[in-house]
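To keep things clear, I will list the structure first and then write my remarks on it.
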Ligand SMILES: Cc1cc2nc3c(=O)[nH]c(=O)nc-3n(C[C@H](O)[C@H](O)[C@H](O)COP(=O)(O)OP(=O)(O)OC[C@H]3O[C@@H](n4cnc5c(N)ncnc54)[C@H](O)[C@@H]3O)c2cc1C
């Protein structure tokens, strides 16, 4: 059989997974990545599959939505998940990686896969001769994004997302900080806790609010992603909001005076050497000088050196419910699909929010493209599975479509389901559905590559 070639635009999380899957199915892949020649506002350098903010793929437990999604991806042979496990750093019950090592390993695998040719070039248009997966991410280059939105005839949709700061460990004052995981989860103590007493906390919140008193630009007013709010926005919503959010003082025992902690900033390891820690949930859009000033109110961070400060970026996505079918393909019957090769979308640009979701949609687009080209029809995953549930959310009619993380609410609920064991039941249902599906579907020459 003649080897078919596929174009993949963007070697981020979704594009790298898609390219590796397609190569393992026997396709030739022309993979385009514009960095380092052309940068996005959030990536640094030219590493493939770069994690731009947190270094965590979230929880591992099968009673957490992300644990279940990751388990499913593992069952389906995701390459990036295997690499994430290989490059993980201890972080309680979550899958957290050394981000540089993770990117390096993905890049190494891509470069050593004979079926993949990596082009360090910007793709400027959907025009072309090869079936295509668009995985250019939320920060797709302006030229490509303009071409996509002009062709698809839909308005350019976006919201604003923010990145958390990273601290150099040896600049943390351990007279005022301690290692402990919330609820003592995990075998090693992977989190550094930086407590604030009531007086310091109140001042901290007040300063965050004052910094926010600068009138935000019009685009920042209504377009924040609720799951990733900047800390100053949380502070503005109420004095106690942060204490019930990223600064909640629970699961950490009592302080040396025998009282409960008032508020705590948690830091999570960025690398296995633990030379860098990121401020969990502390995404922010404050000016850099202001960030340093306000964070230095925290006793443990008085003299902190920041390897990276927080920032905020546009996050672009298409109107998937109108444009994509349940296989993530641009509906071939739409006028905008004429004159361009068969096109699938994957990753954050579809509105699937989050790292693991990007990998999942990359896997799914590759799978569907392969099935369609080889057998003439797609081969959907069972409705009870996590990925099919995520997909339903993306492509079901929705006039007010917004990006969303995978969550239990997306899984099909049984009638009269009792609240108590709901997560366990939904989890078992999803795993059993995928197990059965896998027994019938092993059609591709899958290779062990990692
Ligand atoms: C600022 C920010 C912070 C985020 N933080 C988190 C977080 O902490 N946790 C989380 O789970 N999710 C986070 N997300 C959401 C999302 O999970 C990530 O953006 C994720 O990387 C999306 O994966 P992707 O493959 O769709 O895009 P990306 O990983 O961004 O990959 C897209 C790739 O395409 C390349 N590219 C773009 N245009 C072109 C072109 N025209 N030609 C060739 N190459 C091109 C880019 O350089 C990039 O390498 C964040 C998003 C943003 C914007």
Q | Odd one out for residue 449 among (1) assigned by TED's automatic domain parsing to the domain that holds residue 65; (2) at pLDDT below 90; (3) farther than 21 Å from residue 65 by Cβ | A | (1)
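Being away from the ligand (no atom under 15 Å from the Cβ) and free of Cβ contacts under 8 Å to residues at least 60 places away in the same chain is the filter here; which residues of the stretch 57-72 pass it? Walk me through it before giving the result.
Initially, the stretch 57-72 is screened for residues away from the ligand (no atom under 15 Å from the Cβ), giving 61-63, 68, 71-72.
Once the filter is applied, which keeps residues that are away from the ligand (no atom under 15 Å from the Cβ) and free of Cβ contacts under 8 Å to residues at least 60 places away in the same chain, the stretch 57-72 yields only 61.
Looking only at the stretch 202-226, filter to residues that are touching a strand residue (DSSP E or B) at 6+ places or on another chain (Cβ under 8 Å) and either at pLDDT 90 or above or not in a strand (DSSP E or B) (or both); which one of those is surrounded by the fewest Cβ atoms within 10 Å (Cβ to Cβ)? Reasoning before the result, please.
Filtering the stretch 202-226 for residues touching a strand residue (DSSP E or B) at 6+ places or on another chain (Cβ under 8 Å) gives 204, 219-220, 223-225.
Now drop any that are not either at pLDDT 90 or above or not in a strand (DSSP E or B) (or both), which leaves 204, 219-220, 223, 225.
Numbers: 204: 21, 219: 11, 220: 15, 223: 15, 225: 18.
Checked the stretch 202-226; the qualifying residue surrounded by the fewest Cβ atoms within 10 Å (Cβ to Cβ) is 219.
Quick one: which residue in 360, 365 is buried (at least 19 other Cβ atoms within 10 Å of the Cβ), over 20 Å from residue 56 (Cα atoms) and modelled with pLDDT of 95 or more?
Working: 360 fails: over 20 Å from residue 56 (Cα atoms).
Just one listed residue meets the conditions, 365.
Would the stretch 368-384 turn up any residue that is outside any loop (DSSP other than H, G, I, E, B), crowded, with 17+ Cβ neighbours inside 10 Å and touching a helix residue (DSSP H, G or I) at 6+ places or on another chain (Cβ under 6 Å)? Spell out how you get there, then give the answer.
Here is the first cut: in the stretch 368-384, the residues outside any loop (DSSP other than H, G, I, E, B) are 368-375.
Now narrow it down to the ones that are crowded, with 17+ Cβ neighbours inside 10 Å: 368-372.
If we keep only those that are touching a helix residue (DSSP H, G or I) at 6+ places or on another chain (Cβ under 6 Å) as well, we get none.
No.
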Q: Please enumerate the residues belonging to the stretch 318-370 that are within 14 Å of residue 73 (Cα to Cα), touching a residue at least 60 places away in the same chain (Cβ under 8 Å) and more than 12 Å from the ligand (Cβ to nearest atom).
A: 366, 367
Q) Quick check: is even one residue across the stretch 110-117 within 26 Å of residue 271 (Cα to Cα) and away from the ligand (no atom under 13 Å from the Cβ)? A) yes
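Condition check: at pLDDT below 95 and more than 10 Å from the ligand (Cβ to nearest atom). Does residue 93 satisfy that? Break it down stepwise before answering.
Details: at pLDDT below 95: yes; more than 10 Å from the ligand (Cβ to nearest atom): yes.
Answer is yes for this residue.
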Q. Going through the stretch 376-387 one residue at a time, which ones are more than 16 Å from the ligand (Cβ to nearest atom) and in contact (Cβ under 8 Å) with a residue 12 or more places away in the chain?
A. 378, 379, 380, 381, 382, 383, 384, 385
Q.
I need a count of the residues in the stretch 340-360 that are within 19 Å of residue 157 (Cα to Cα) and touching a strand residue (DSSP E or B) at 6+ places or on another chain (Cβ under 6 Å).
A. 6
Q: Filter the stretch 168-190 for residues that are crowded, with 18+ Cβ neighbours inside 10 Å and touching a helix residue (DSSP H, G or I) at 6+ places or on another chain (Cβ under 7 Å) and give the result.
A: 172, 177
Q: Take the stretch 291-322 and flag every residue that is in contact with a strand residue (DSSP E or B) (Cβ under 9 Å, 6 or more places away or on another chain), modelled with pLDDT under 95, surrounded by fewer than 21 Cβ atoms within 10 Å (Cβ to Cβ) and in a helix (DSSP H, G or I).
A: 292
Q | the stretch 388-408, subset free of Cβ contacts under 8 Å to residues at least 40 places away in the same chain and not in a helix (DSSP H, G or I), residue surrounded by the fewest Cβ atoms within 10 Å (Cβ to Cβ) | A | 400
Q. Given the conditions (1) under 25 Å from residue 332 (Cβ atoms); (2) modelled with pLDDT under 95; (3) within 16 Å of the ligand (Cβ to nearest atom), which single one is not true for residue 132?
A. (2)
Q) Taking the stretch 13-64, which residues are in contact with a helix residue (DSSP H, G or I) (Cβ under 8 Å, 6 or more places away or on another chain) and at positive phi? A) 49, 58
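The values are calculated or read from the model by the stated rules, or taken from the named source; none is laboratory data. Model, not experiment: these values are computed from the prediction. As a convention, Cβ positions derive from the backbone with ideal geometry for all residues, glycine included, and neighbour counts pool all protein chains shown.
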